[in-house]
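Chemist: Can you read through this structure? Questions will come right after.
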Amino acid sequence: MLDGADLAHALITESSIDDAVRAYENLMLPRSARAAEDSAEVLDNVIPPTDS
C-alpha cells in the first residue's frame, strides 16, 4: 500500500509521468533493497547455510 501511495503522490506532484516514475523509484528501490536484505537475514536464521 505504501508503494501505491508513494506512486500516487509522485504522479500528482511531478510535472510528467516519467518524472513521477523516477521520483517513485528513488523511494521504492532503496526500500525494496532493505526488505530483500532483511528477508535474506531471516532466511539465514531459519535455514542456516550449509557447508558443501
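Chemist: Enter the angle in degrees (range 0 to 90, nearest 10) between the Cα long axis of helix 17-46 and the first principal axis of the Cα atoms of the chain, meaning the one along which they spread out most.
Modeler: The answer is roughly 10 degrees.
Chemist: May I ask you to compute the full-extension gain from D18 to A35, defined as 0.36 nm times their residue separation minus their alpha-carbon distance, rounded to one decimal in nm?
Modeler: Values: separation 17, 0.36 × 17 = 6.12 nm, distance 2.50 nm.
Between D18 and A35, full extension yields 3.6 nm more.
Chemist: Could I ask something else about it? Could you state the angle between the C-alpha long axis of helix 2-13 and the longest principal axis of the C-alpha atoms of the chain, as a value from 0 to 90 degrees rounded to the nearest 10?
Modeler: 20 degrees
A short reminder: the numbers here are calculations on the coordinates, not readings from a lab. Note that the structure is a prediction, hence the values are computed from the model and not measured.
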